[in-house]
Amino acid sequence: MIRVVLIRHGQSVWNLENRFTGWTDVDLSPNGLEEARQAGMILSKQGYVFDAAHTSVLKRAIRTMWIILHEMDLTWIPEFKSWKLNERHYGALQGLNKAETAVKYGEEQVHLWRRSVDVRPPALDKSDPRYEASAPRYRNLQKGEFPLTESLDDTERRVVKYWEEIIAPDLSIGKHILIAAHGNTLRALVKHLDRIPADGIADLNIPTGMPLVYELNEQLSPIRHYYLGIDGELPEGTIPSRMPS
Ligand SMILES: O=C(O)[C@@H](CO)OP(=O)(O)O
C-alpha cells in the first residue's frame with residue numbers, strides 16, 4: 001500500500017492577522033511553530049519515516065517541513081522546493097484584511113474569490129511591488145509562468161503537473177513522501193486525487209499543521225484518507241477542529 005502525507009504549514013502571522021497571503025513570504029506565528037513541532041512529534045510517535053520531503057519556495061511551508069524533519073530526526077533526507085507548490089496567487093488581494101475586504105466588496109464576492117474554482121481575484125499590475133517575478137527564487141520560471149492572479153483551477157494545473165512529474169514516479173517505486181504545502185495548494189491536490197467536482201470543493205478546508213494521510217492503490221488512486229492525531233488516525237471523515245482563518 002502506498003502512503004503519502006500532506007501537511008498545510010502551521011499558522012502564519014498573516015493567518016493570525018486574517019490577511020490574504022498567497023505568494024507573500026510571511027513566516028510562522030509562535031502558534032504555527034508549535035503546530036509544526038506537534039505534527040513532527042505525532043508523525044514520529046506513529047512510526048512514520050520519509051525518504052524525501054517536498055515543499056514550496058515560501059518560508060512558512062519550508063519552516064514547517066524543517067521543524068517536522070527535525071522532530072523526526074530526518075533532517076538528512078533529500079528536500080525539494082518548487083514554486084509549483086506555492087500557495088494560490090491571490091493577485092491584488094494579497095496583504096488585505098479578509099474581514100475588511102468583505103465589508104468593502106460584500107461577503108458573496110469575497111466567498112467567490114476565496115472558494116470558487118474558476119474566479120480569479122483582481123490581478124496584480126506588473127508595476128506593483130508585490131509583483132516579484134524578478135526575485136532570485138523565481139528565476140527558473142518560464143516566461144508567462146509567474147502569475148498576476150490565480151483561480152483554484154490555475155493552481156490545480158501547476159500542482160497536478162508537479163504531482164504527476166515529480167511525486168507520482170517516486171511513490172510508484174515505494175518511496176515515502178512528505179508534502180508540506182499550503183491551504184489552496186492542498187485543496188487543489190485533494191480535489192484532483194479524490195476527483196471532487198467543481199461544486200463540491202467550496203466547503204473543503206484543510207487545517208494548519210495537521211498531518212493528512214492518503215493511502216493510494218498501485219494506480220495512485222486514493223483508497224482512503226485520514227488526519228493523524230496524537231493517539232493515531234482520526235476516524236474517517238473527521239476534520240480536526242483547528243480550521244483556517
Ligand atoms: O490567504 C491565503 O493565501 C489563503 C490561505 O491562508 O487564504 P484562503 O483560506 O482565504 O484561501
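The values are calculated or read from the model by the stated rules, or taken from the named source; none is laboratory data. Keep in mind it's a predicted model, so treat the numbers as computed, not measured. Heads up, the Cβs are rebuilt from the backbone with ideal geometry, glycines too, and the neighbour counts pull from every protein chain shown.
With respect to the conditions (1) closer than 15 Å to Thr64 by Cβ; (2) within 9 Å of the ligand (Cβ to nearest atom); (3) out of contact with any Ser or Thr (no Cβ under 6 Å at 6 or more places or on another chain), Trp14 falls short on a single one, namely (3). Looking at Pro121, Pro147, just one residue is touching a Leu at 6+ places or on another chain (Cβ under 8 Å), farther than 29 Å from Leu228 by Cβ, modelled with pLDDT of 95 or more and within 16 Å of the ligand (Cβ to nearest atom), and that residue is Pro121. The set of residues from the stretch 19-31 being more than 9 Å from the ligand (Cβ to nearest atom) and of a type outside the set (A, V, I, L, M, F, W, C) comprises Asp25, Asp27, Ser29, Pro30, Asn31. Screening Asn86 against (1) without any contact (Cβ under 8 Å) to a residue 12 or more places away in the chain; (2) closer than 29 Å to Asp194 by Cα; (3) among the polar types (S, T, N, Q) leaves a single unmet condition, (1).
The numbered conditions (1) free of Cβ contacts under 8 Å to residues at least 60 places away in the same chain; (2) touching a Pro at 6+ places or on another chain (Cβ under 9 Å) are all true for Asp73 except (2).
Among what's in the stretch 52-94 and is among the aliphatic types (A, V, I, L, M) and part of a loop (DSSP other than H, G, I, E, B), pick the residue that is nearest to the ligand (Cβ to nearest atom). Out of the qualifying residues, it is Leu58.
Out of curiosity, is Tyr138 within 23 Å of the chain's Cα centre (by Cα), crowded, with 16+ Cβ neighbours inside 10 Å and among the hydroxyl-bearing types (Ser, Thr, Tyr)? So Tyr138 does not fit the description; no.
Anything in the stretch 114-150 that is of a type in the set (Phe, Trp, Tyr) and under 29 Å from Ala102 (Cβ atoms)? List them, or say none.
Tyr131, Phe146, listed by residue number.
Scanning the stretch 189-223 for residues that are among the β-branched types (Val, Ile, Thr) and more than 16 Å from Asp153 (Cβ to Cβ) gives Ile206, Thr208, Val213, Ile223. Among the residues of the stretch 97-116, those identified as within 12 Å of the ligand (Cβ to nearest atom) and of a type in the set (Val, Ile, Thr) are Thr101, Val110.
Just one of the numbered conditions (1) out of contact with any helix residue (DSSP H, G or I) (no Cβ under 7 Å at 6 or more places or on another chain); (2) without any contact (Cβ under 8 Å) to a residue 40 or more places away in the chain; (3) under 22 Å from Leu228 (Cα atoms) is not true of Leu28: (1).
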